[in-house]
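Please read through the structure below; I'll follow up with questions.
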Amino acid sequence: QAKRQGHNHVQVYQESMSLQFKSSAAMRSSLQEAIERNQLALHYQPIVRCSDTATVGYEALLRWEREPGRFIPPSEFIPLAEMTGQIIPLSEWVFRRACEAAVQLQQHGPCKVAVNLSTLHFNRSEFKGFLERTLEDTGCQPQWLELELTESILMENTDYAVDILQSLRDKQISISLDDFGTGFSSLSYLRRLPVDKVKIDRSFVAGIKTHRSDRVLIGSVIKIAQSLNFKVVAEGVETPQQAEFVTELGCDYMQGFYFGRPVPLDDLFES
Ligand code: C2E
Ligand code: MG
Ligand code: MG
Ligand code: MG
(Lines give C-alpha, C1' and ligand atoms only; values in the text may rest on other atoms or scores of the structure.)
(Ligands and ions follow the chains in the order given, each with its own letter.)
Protein backbone atom coordinates (compact mmCIF):
# COMPACT_ATOMS: atom_id res chain seq x y z
CA GLN A 1 0.00 0.00 0.00
CA ALA A 2 2.72 2.47 1.00
CA LYS A 3 4.71 1.64 -2.13
CA ARG A 4 1.69 2.25 -4.26
CA GLN A 5 1.21 5.68 -2.72
CA GLY A 6 4.85 6.44 -3.38
CA HIS A 7 4.29 5.84 -7.08
CA ASN A 8 1.30 8.13 -7.12
CA HIS A 9 3.39 10.86 -5.56
CA VAL A 10 5.88 10.58 -8.39
CA GLN A 11 3.15 10.89 -10.95
CA VAL A 12 1.81 14.04 -9.30
CA TYR A 13 5.31 15.42 -9.27
CA GLN A 14 5.87 14.73 -12.95
CA GLU A 15 2.72 16.56 -13.92
CA SER A 16 3.10 19.62 -11.70
CA MET A 17 6.81 20.13 -12.07
CA SER A 18 7.09 19.54 -15.79
CA LEU A 19 6.35 23.21 -16.40
CA GLN A 20 9.21 24.42 -14.26
CA PHE A 21 11.77 21.70 -14.90
CA LYS A 22 12.21 20.07 -18.27
CA SER A 23 13.34 16.80 -16.77
CA SER A 24 13.91 15.20 -13.42
CA ALA A 25 17.64 15.46 -14.15
CA ALA A 26 17.29 19.24 -14.32
CA MET A 27 15.35 19.21 -11.09
CA ARG A 28 17.96 17.03 -9.46
CA SER A 29 20.87 19.32 -10.27
CA SER A 30 18.78 22.30 -9.34
CA LEU A 31 18.09 20.79 -5.93
CA GLN A 32 21.80 20.20 -5.52
CA GLU A 33 22.33 23.89 -6.22
CA ALA A 34 19.68 24.79 -3.68
CA ILE A 35 21.74 23.12 -1.00
CA GLU A 36 25.06 24.56 -2.19
CA ARG A 37 23.79 28.08 -2.78
CA ASN A 38 21.90 28.41 0.46
CA GLN A 39 18.50 28.69 -1.17
CA LEU A 40 16.83 26.72 1.59
CA ALA A 41 15.03 28.25 4.52
CA LEU A 42 12.97 27.01 7.42
CA HIS A 43 9.80 28.85 8.26
CA TYR A 44 8.08 28.41 11.60
CA GLN A 45 4.36 28.24 12.33
CA PRO A 46 2.98 28.54 15.87
CA ILE A 47 1.04 25.72 17.55
CA VAL A 48 -1.27 27.01 20.29
CA ARG A 49 -3.05 25.43 23.25
CA CYS A 50 -6.83 25.46 22.89
CA SER A 51 -7.59 26.38 26.50
CA ASP A 52 -5.79 29.76 26.44
CA THR A 53 -4.29 30.06 22.91
CA ALA A 54 -0.79 30.27 24.40
CA THR A 55 1.92 29.24 21.93
CA VAL A 56 3.41 25.91 22.99
CA GLY A 57 5.53 25.18 19.94
CA TYR A 58 6.35 25.78 16.30
CA GLU A 59 6.34 23.53 13.26
CA ALA A 60 9.42 23.94 11.06
CA LEU A 61 8.44 23.99 7.38
CA LEU A 62 11.01 23.81 4.62
CA ARG A 63 11.10 26.45 1.87
CA TRP A 64 13.16 26.55 -1.30
CA GLU A 65 13.76 30.10 -2.49
CA ARG A 66 14.76 29.38 -6.05
CA GLU A 67 14.90 33.05 -6.96
CA PRO A 68 14.58 35.92 -4.51
CA GLY A 69 10.98 36.04 -3.30
CA ARG A 70 9.95 32.95 -5.28
CA PHE A 71 9.38 29.99 -3.00
CA ILE A 72 8.80 26.47 -4.25
CA PRO A 73 6.51 24.61 -1.84
CA PRO A 74 7.78 21.40 -0.25
CA SER A 75 4.96 19.32 -1.74
CA GLU A 76 6.65 19.94 -5.10
CA PHE A 77 10.24 19.02 -4.30
CA ILE A 78 10.20 16.70 -1.29
CA PRO A 79 8.67 13.72 -3.13
CA LEU A 80 11.42 13.98 -5.75
CA ALA A 81 14.15 14.47 -3.17
CA GLU A 82 12.89 11.27 -1.48
CA MET A 83 13.30 9.46 -4.79
CA THR A 84 16.77 10.70 -5.64
CA GLY A 85 18.13 10.41 -2.11
CA GLN A 86 18.82 14.14 -1.97
CA ILE A 87 16.39 14.27 0.92
CA ILE A 88 19.17 12.99 3.20
CA PRO A 89 21.39 16.11 3.12
CA LEU A 90 18.23 18.21 3.00
CA SER A 91 16.73 16.56 6.04
CA GLU A 92 20.03 16.71 7.94
CA TRP A 93 20.16 20.43 7.23
CA VAL A 94 16.57 20.82 8.44
CA PHE A 95 17.26 19.02 11.71
CA ARG A 96 20.38 21.06 12.46
CA ARG A 97 18.60 24.33 11.77
CA ALA A 98 15.48 23.36 13.70
CA CYS A 99 17.53 22.31 16.73
CA GLU A 100 19.44 25.60 16.66
CA ALA A 101 16.13 27.44 16.43
CA ALA A 102 14.73 25.46 19.35
CA VAL A 103 17.65 26.62 21.49
CA GLN A 104 17.08 30.27 20.51
CA LEU A 105 13.34 30.07 21.00
CA GLN A 106 13.67 29.06 24.66
CA GLN A 107 14.57 32.70 25.38
CA HIS A 108 10.92 33.55 24.76
CA GLY A 109 9.58 30.81 27.00
CA PRO A 110 9.51 27.03 26.92
CA CYS A 111 8.40 25.57 23.60
CA LYS A 112 8.94 22.67 21.24
CA VAL A 113 9.99 22.72 17.61
CA ALA A 114 8.32 20.09 15.41
CA VAL A 115 10.21 18.68 12.44
CA ASN A 116 8.64 16.68 9.60
CA LEU A 117 10.38 13.39 9.18
CA SER A 118 11.55 12.05 5.82
CA THR A 119 10.79 8.37 5.25
CA LEU A 120 14.16 7.68 3.71
CA HIS A 121 16.06 9.49 6.47
CA PHE A 122 14.10 7.77 9.23
CA ASN A 123 14.70 4.33 7.69
CA ARG A 124 18.49 4.74 7.67
CA SER A 125 20.26 2.85 10.39
CA GLU A 126 22.23 6.01 11.23
CA PHE A 127 19.13 8.11 11.88
CA LYS A 128 19.02 7.75 15.64
CA GLY A 129 22.75 8.38 15.97
CA PHE A 130 22.48 11.41 13.72
CA LEU A 131 19.70 12.83 15.86
CA GLU A 132 21.59 12.29 19.11
CA ARG A 133 24.70 13.95 17.66
CA THR A 134 22.69 16.88 16.35
CA LEU A 135 21.04 17.46 19.73
CA GLU A 136 24.43 17.37 21.36
CA ASP A 137 26.15 19.64 18.81
CA THR A 138 23.42 22.28 18.92
CA GLY A 139 22.72 22.14 22.66
CA CYS A 140 19.09 21.34 21.93
CA GLN A 141 17.43 19.37 24.71
CA PRO A 142 15.43 16.36 23.53
CA GLN A 143 12.24 17.64 25.15
CA TRP A 144 12.38 20.69 22.88
CA LEU A 145 12.16 18.50 19.79
CA GLU A 146 9.09 16.90 18.31
CA LEU A 147 9.05 14.56 15.30
CA GLU A 148 6.11 14.58 12.90
CA LEU A 149 5.62 11.46 10.90
CA THR A 150 2.95 10.08 8.65
CA GLU A 151 1.29 6.70 8.70
CA SER A 152 3.08 5.71 5.50
CA ILE A 153 6.45 5.84 7.30
CA LEU A 154 5.13 3.39 9.83
CA MET A 155 3.51 1.03 7.37
CA GLU A 156 6.70 0.26 5.50
CA ASN A 157 8.57 -1.35 8.35
CA THR A 158 6.32 -1.29 11.36
CA ASP A 159 8.32 -3.26 13.93
CA TYR A 160 11.52 -1.37 13.20
CA ALA A 161 9.71 1.98 13.26
CA VAL A 162 7.96 1.23 16.53
CA ASP A 163 11.29 0.25 18.15
CA ILE A 164 13.08 3.41 17.03
CA LEU A 165 10.21 5.68 17.98
CA GLN A 166 9.94 4.06 21.38
CA SER A 167 13.63 4.58 22.03
CA LEU A 168 13.42 8.23 20.92
CA ARG A 169 10.45 8.73 23.18
CA ASP A 170 12.35 7.17 26.07
CA LYS A 171 14.81 10.02 25.53
CA GLN A 172 11.97 12.58 25.90
CA ILE A 173 11.61 13.41 22.21
CA SER A 174 7.90 13.80 21.37
CA ILE A 175 6.28 12.03 18.47
CA SER A 176 3.29 13.31 16.46
CA LEU A 177 1.30 11.46 13.84
CA ASP A 178 0.71 13.95 11.01
CA ASP A 179 -2.28 14.12 8.66
CA PHE A 180 -4.30 11.90 10.98
CA GLY A 181 -7.50 10.57 9.48
CA THR A 182 -6.28 10.45 5.89
CA GLY A 183 -4.45 7.12 6.12
CA PHE A 184 -5.68 3.57 6.10
CA SER A 185 -4.56 2.29 9.47
CA SER A 186 -6.81 0.14 11.56
CA LEU A 187 -7.52 1.30 15.09
CA SER A 188 -5.89 -1.73 16.67
CA TYR A 189 -2.74 -0.87 14.75
CA LEU A 190 -2.76 2.79 15.81
CA ARG A 191 -3.13 1.75 19.42
CA ARG A 192 0.30 0.16 19.52
CA LEU A 193 2.14 3.16 18.10
CA PRO A 194 4.44 5.04 20.50
CA VAL A 195 2.93 8.40 19.64
CA ASP A 196 2.11 11.36 21.90
CA LYS A 197 -0.06 13.45 19.60
CA VAL A 198 -2.05 13.19 16.44
CA LYS A 199 -2.53 16.09 14.07
CA ILE A 200 -5.95 15.99 12.46
CA ASP A 201 -5.57 16.76 8.80
CA ARG A 202 -6.75 20.17 7.74
CA SER A 203 -9.20 18.69 5.25
CA PHE A 204 -11.41 17.80 8.25
CA VAL A 205 -11.27 21.35 9.58
CA ALA A 206 -11.94 23.00 6.21
CA GLY A 207 -15.55 21.87 5.88
CA ILE A 208 -16.69 22.55 9.45
CA LYS A 209 -18.73 25.63 8.62
CA THR A 210 -20.58 24.35 5.59
CA HIS A 211 -20.99 20.61 5.99
CA ARG A 212 -22.74 18.97 8.90
CA SER A 213 -21.11 15.67 7.89
CA ASP A 214 -17.64 17.24 8.36
CA ARG A 215 -18.59 18.45 11.83
CA VAL A 216 -19.71 14.97 12.79
CA LEU A 217 -16.61 13.44 11.23
CA ILE A 218 -14.09 15.65 12.98
CA GLY A 219 -15.87 15.08 16.29
CA SER A 220 -15.53 11.33 15.82
CA VAL A 221 -11.87 11.57 14.80
CA ILE A 222 -11.08 13.61 17.94
CA LYS A 223 -12.93 11.09 20.14
CA ILE A 224 -11.13 8.14 18.58
CA ALA A 225 -7.72 9.80 19.00
CA GLN A 226 -8.40 10.69 22.63
CA SER A 227 -9.73 7.24 23.43
CA LEU A 228 -6.35 5.92 22.26
CA ASN A 229 -4.71 8.39 24.71
CA PHE A 230 -3.29 10.70 22.08
CA LYS A 231 -3.29 14.48 22.48
CA VAL A 232 -5.04 16.08 19.51
CA VAL A 233 -3.91 18.98 17.33
CA ALA A 234 -6.28 20.50 14.76
CA GLU A 235 -4.42 21.63 11.64
CA GLY A 236 -5.48 24.30 9.17
CA VAL A 237 -7.50 26.50 11.52
CA GLU A 238 -8.16 29.62 9.47
CA THR A 239 -11.13 31.30 11.17
CA PRO A 240 -12.27 32.13 14.73
CA GLN A 241 -15.32 29.92 14.13
CA GLN A 242 -13.13 26.91 13.35
CA ALA A 243 -10.99 27.63 16.42
CA GLU A 244 -14.05 27.83 18.64
CA PHE A 245 -15.56 24.70 17.15
CA VAL A 246 -12.53 22.42 17.56
CA THR A 247 -11.97 23.79 21.07
CA GLU A 248 -15.55 22.90 22.01
CA LEU A 249 -15.04 19.42 20.61
CA GLY A 250 -12.21 18.94 23.10
CA CYS A 251 -9.16 19.40 20.89
CA ASP A 252 -5.95 20.06 22.85
CA TYR A 253 -3.98 22.20 20.38
CA MET A 254 -4.52 24.16 17.18
CA GLN A 255 -2.40 25.35 14.28
CA GLY A 256 -3.31 27.39 11.24
CA PHE A 257 -3.26 30.70 9.42
CA TYR A 258 -5.68 32.19 11.98
CA PHE A 259 -2.93 31.99 14.62
CA GLY A 260 -0.01 32.63 12.30
CA ARG A 261 1.42 31.70 8.94
CA PRO A 262 4.79 30.00 8.67
CA VAL A 263 7.44 32.78 8.80
CA PRO A 264 11.23 33.01 9.13
CA LEU A 265 12.52 32.69 12.69
CA ASP A 266 13.46 36.36 12.88
CA ASP A 267 9.91 37.42 12.01
CA LEU A 268 8.19 35.38 14.73
CA PHE A 269 8.42 38.02 17.41
CA GLU A 270 8.05 41.08 15.20
CA SER A 271 5.28 43.66 15.75
P1 C2E B 1 2.38 19.14 6.93
O2 C2E B 1 3.44 18.63 7.83
O3 C2E B 1 1.02 18.58 7.11
O4 C2E B 1 2.40 20.72 7.13
C5 C2E B 1 1.26 21.53 7.21
C6 C2E B 1 1.04 22.27 5.91
O7 C2E B 1 -0.16 23.02 6.00
C8 C2E B 1 2.14 23.29 5.60
O9 C2E B 1 2.30 23.33 4.19
C10 C2E B 1 1.53 24.59 6.11
O11 C2E B 1 2.06 25.75 5.49
C12 C2E B 1 0.08 24.39 5.74
N13 C2E B 1 -0.84 25.15 6.59
C14 C2E B 1 -0.70 25.51 7.88
N15 C2E B 1 -1.77 26.18 8.32
C16 C2E B 1 -2.64 26.26 7.29
C17 C2E B 1 -3.95 26.83 7.13
O18 C2E B 1 -4.55 27.42 8.04
N19 C2E B 1 -4.53 26.70 5.91
C20 C2E B 1 -3.92 26.06 4.86
N21 C2E B 1 -4.57 25.99 3.71
N22 C2E B 1 -2.69 25.50 4.99
C23 C2E B 1 -2.07 25.59 6.19
P24 C2E B 1 3.71 23.33 3.50
O25 C2E B 1 4.64 24.20 4.29
O26 C2E B 1 3.49 23.62 2.06
O27 C2E B 1 4.21 21.84 3.68
C28 C2E B 1 3.60 20.76 3.02
C29 C2E B 1 4.13 19.45 3.48
O30 C2E B 1 5.51 19.29 3.12
C31 C2E B 1 4.11 19.28 5.00
O32 C2E B 1 2.80 18.93 5.40
C33 C2E B 1 5.13 18.19 5.18
O34 C2E B 1 4.56 16.93 4.96
C35 C2E B 1 6.13 18.48 4.08
N36 C2E B 1 7.30 19.18 4.65
C37 C2E B 1 7.44 20.49 4.94
N38 C2E B 1 8.65 20.76 5.45
C39 C2E B 1 9.33 19.57 5.50
C40 C2E B 1 10.64 19.18 5.95
O41 C2E B 1 11.45 19.98 6.45
N42 C2E B 1 10.96 17.84 5.81
C43 C2E B 1 10.08 16.94 5.30
N44 C2E B 1 10.48 15.66 5.21
N45 C2E B 1 8.84 17.28 4.89
C46 C2E B 1 8.46 18.57 4.99
MG1 MG C 1 3.76 18.38 9.70
MG1 MG D 1 -0.10 17.85 8.59
MG1 MG E 1 -0.70 17.86 5.66
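Please specify each residue of region 226-271 satisfying the condition of being more than 16 Å from ligand 2 (Cβ to nearest atom), small (Gly, Ala, Ser) and touching a Gly at 6+ places or on another chain (Cβ under 9 Å).
Ala243, Gly250
Read through the list (1) within 16 Å of ligand 1 (Cβ to nearest atom); (2) open to solvent by 70 Å² or more (accessible area, probe 1.4 Å), then give the number of the only condition that Arg191 fails.
(1)
Among the residues that make up region 176-183, is at least one of them within 16 Å of ligand 4 (Cβ to nearest atom) and open to solvent by 60 Å² or more (accessible area, probe 1.4 Å)?
Yes - at least one qualifying residue is present in region 176-183.
Now, a different point. Any residue in region 19-33 that is at pLDDT 85 or above and either near ligand 1 (Cβ under 10 Å from one of its atoms) or of a type in the set (Lys, Arg) (or both)?
no
Can you find, within region 194-214, the residue that is farthest from ligand 1 (Cβ to nearest atom) among those that are touching a helix residue (DSSP H, G or I) at 6+ places or on another chain (Cβ under 7 Å) and of a type outside the set (Asp, Glu)?
Pro194
Please list, ordered by first then second residue, the pairs with beta carbon atoms under 7 Å, 6 or more apart or interchain, first in region 105-116 and away from ligand 2 (no atom under 12 Å from the Cβ), second assigned to a loop (DSSP other than H, G, I, E, B) and not basic (Lys, Arg).
Sorted first by the residue in region 105-116, then by its partner, the pairs are Leu105/Cys111; His108/Phe269.
Filter region 137-166 down to the residues that are free of Cβ contacts under 8 Å to residues at least 40 places away in the same chain, farther than 25 Å from Ile47 by Cα and assigned to a helix (DSSP H, G or I), then identify the one that is least open to solvent (accessible area, probe 1.4 Å).
Ala161
If the Cβ limit is 7 Å and pairs must be 6+ apart or interchain, which residue in region 169-192 that is touching a residue at least 40 places away in the same chain (Cβ under 8 Å) and aromatic (Phe, Trp, Tyr) pairs with which residue that is within 16 Å of ligand 2 (Cβ to nearest atom) and outside any helix (DSSP H, G or I)?
Phe180/Val198; Phe180/Lys199; Phe180/Ile200; Phe180/Asp201
Okay, next question. List pairs: first residue in region 42-53 and more than 13 Å from Phe257 (Cβ to Cβ), second residue among the basic types (Lys, Arg) anywhere in the structure, Cβ distance under 6 angstrom, at least six positions apart or on different chains.
Every condition considered, the pairs that remain are Leu42/Arg97.
From the list Phe245, Phe230, Phe204, pick out the single residue that is within 16 Å of ligand 4 (Cβ to nearest atom), over 15 Å from the mean Cα position of the chain (by Cα) and over 18 Å from Pro46 (Cβ atoms).
Within the list Phe245, Phe230, Phe204, the selection yields Phe204.
Okay, residues lined up against (1) within 18 Å of the chain's Cα centre (by Cα); (2) among the charged types (D, E, K, R):
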| position | (1), (2) |
| --- | --- |
| Leu145 | yes, no |
| Asn157 | no, no |
| Gln166 | no, no |
| Arg169 | yes, yes |
| Ile173 | yes, no |
| Leu177 | yes, no |
| Gly183 | yes, no |
| Ser186 | no, no |
| Arg192 | no, yes |
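Restricting to region 245-271, name every residue that is away from ligand 1 (no atom under 15 Å from the Cβ), without any contact (Cβ under 8 Å) to a residue 24 or more places away in the chain and not small (Gly, Ala, Ser).
Selection gives Glu248, Asp266, Glu270.
Residues that are in contact with a Cys (Cβ under 8 Å, 6 or more places away or on another chain), at least 2 per element: which strands (runs of 3 or more DSSP E) completely within region 20-133 meet that?
55-67
Sticking with this structure for a sec: Considering only residues that are under 19 Å from Asp252 (Cβ atoms) and of a type in the set (S, T, N, Q), look in region 173-193 and name the one that is nearest to ligand 2 (Cβ to nearest atom).
The selected residue is Ser176.
In region 204-223, what residues are in contact with a strand residue (DSSP E or B) (Cβ under 9 Å, 6 or more places away or on another chain) and open to solvent by 40 Å² or more (accessible area, probe 1.4 Å)?
Once the filter is applied, which keeps residues that are in contact with a strand residue (DSSP E or B) (Cβ under 9 Å, 6 or more places away or on another chain) and open to solvent by 40 Å² or more (accessible area, probe 1.4 Å), region 204-223 yields nothing.
The values are calculated or read from the model by the stated rules, or taken from the named source; none is laboratory data. Owing to the predicted nature of the structure, the values given are computational and were not obtained by experimental measurement. As a convention, Cβ positions derive from the backbone with ideal geometry for all residues, glycine included, and neighbour counts pool all protein chains shown. When the accessible area is computed, the model is the full protein with side chains, heavy atoms only, and any ligands, DNA or RNA have been set aside. Shrake-Rupley method; radii C 1.70, N 1.55, O 1.52, S 1.80 Å.
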